[in-house]
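Working notes, structure below.
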Amino acid sequence: MAFPNVSDIVATTIQSRTRKIADNVTKNNALYMRLDQRGNRKPFSGGNVIYQELSFAQNANGGWYSGYDLLPIAASDVISAAEFTIKQLACPVTMSGLEEIQNAGKEQMIDLLEGRITVSEATMANLMAEGIYGDGTTFAGKSLTGLGAGVPALAPASQTTAYGGIVGSTWTFWPSKYTLTAAQTAANIQGFMNTMWASLVRGTDRPDLIVQDNAAWATYMASLQAQQRFTSPEVGNLGFPSLKFMDADVVLDGGIGGFAPANTTFFLNTKYIFLRPHSARDMVPLNPNKRYAVNQDAEVSILAWAGNLTCSGRQFQGRLVGA
């Protein structure tokens, strides 16, 4: 006979896996992992947009003085916020009435659900990994506002589309860096990387994560002598093969089905990048957990995420592209 509590199994099995789904998304992408390590995975609890606070100028009252000089105390407006829309991601897990009666026991039902939830985990992880490089225009503008928007392949003066509600070509503190080089080879890639690196350093602020596609990674690898191939155990232990450039981890995000743009190296200062999930929609089943089709013999549980990728320091991010 069929197991009578299939609906409860669907709900409780998905509930028990939601933390694993969230972890799977994090571990599927080096940037998400780094943001998690830095504590830059910051949930928000409400509102119609996500605000990311940022400092856009120095305090004008600061300065040298002597003796009884009067010190300026005028209000100094130096704090603002970038504004990001809330993006939503969902993946339904379905079970038909026929599948319910075809499963003769609890174990078989769980096996079927485990397989489907595993596929849903991979689907959501891949959509998030793809979204990290997107510009937020796919899926009719409903996708994640990723590096395609935050660190576009555009010179600062050409960054005329608002990102976080701020137009880079208007506000000089906001544009990211971009360099299109000649064809990259083992002989010249480190020189190109040195130049980009230097353009993103301000005091102790500097890139801490460099992400490359297959082509850029292979070229950088070829530029290194065997005795110079230093890896980062901290990143490597979590499954990401990595090298070092200066003191930043250089990570391959390519391989089979990688989403990094071709011939591209991202220089990221993750101090200023945040993953902002909604506290009630962070890879969890939508309520109610059991949804039944009106005109079908089937039930659905929907896994959902809502939030966006935000940035408070776009000027510290760079994109290097080889022709």
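The values are calculated or read from the model by the stated rules, or taken from the named source; none is laboratory data. Values in this document were obtained by computation on a predicted structure and should not be read as measured data. Note that each Cβ is placed from the backbone with ideal geometry, even for glycine, and that neighbours are counted across all protein chains shown.
Here are a few things to note about the model shown:
- Number of residues in the range 245-304 that are over 13 Å from residue 210 (Cα atoms) and assigned to a strand (DSSP E or B): the value is 22.
- For the range 217-244, the candidate set comprises residues that are modelled with pLDDT under 85 and in a strand (DSSP E or B); within that set, the residue that is surrounded by the most Cβ atoms within 10 Å (Cβ to Cβ) is 243.
A quick yes/no check of all residues on (1) more than 17 Å from the chain's Cα centre (by Cα); (2) surrounded by fewer than 22 Cβ atoms within 10 Å (Cβ to Cβ); (3) in contact (Cβ under 8 Å) with a residue 12 or more places away in the chain:
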| site | (1), (2), (3) |
| --- | --- |
| 271 | no, yes, yes |
| 283 | no, no, yes |
| 311 | no, no, yes |
| 317 | no, no, yes |
| 320 | yes, no, yes |
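- Search result, residues across the range 125-179 that are within 25 Å of residue 48 (Cβ to Cβ), touching a Lys or Arg at 6+ places or on another chain (Cβ under 9 Å) and among the polar types (S, T, N, Q): 143, 145
- Put simply, of 115, 148 the only residue that is part of a helix (DSSP H, G or I) and closer than 21 Å to residue 322 by Cβ is 148.
- The set of residues from the range 168-194 being loosely packed, with under 13 Cβ neighbours inside 10 Å, among the polar types (S, T, N, Q) and within 19 Å of residue 248 (Cβ to Cβ) comprises just one member, 194.
- Total residues in the range 283-323, condition out of contact with any Asp or Glu (no Cβ under 7 Å at 6 or more places or on another chain) and at pLDDT 85 or above: 17
- Flag for residue 209 being at pLDDT 90 or above and in contact with a Pro (Cβ under 7 Å, 6 or more places away or on another chain): no
- Hey, residue 260 modelled with pLDDT of 90 or more and closer than 18 Å to residue 219 by Cα or not: no
- Residues (touching a residue at least 24 places away in the same chain (Cβ under 8 Å), outside any loop (DSSP other than H, G, I, E, B) and under 21 Å from residue 220 (Cα atoms)) located in the range 163-199: 177, 178, 179, 180, 181, 189, 190, 192, 193, 196, 197, 199
- Qualifying residue in the range 200-216 (condition: part of a helix (DSSP H, G or I), in contact (Cβ under 8 Å) with a residue 60 or more places away in the chain and either touching a Ser or Thr at 6+ places or on another chain (Cβ under 8 Å) or closer than 17 Å to residue 316 by Cβ (or both)): yes
- If the condition is being of a type in the set (Asp, Glu) and within 17 Å of residue 120 (Cα to Cα), then the range 276-323 contributes 282, 299.
- Selected residue (criterion: surrounded by the fewest Cβ atoms within 10 Å (Cβ to Cβ)) from residues of the range 128-145 that are touching a Phe, Trp or Tyr at 6+ places or on another chain (Cβ under 8 Å) and in a helix (DSSP H, G or I): 130
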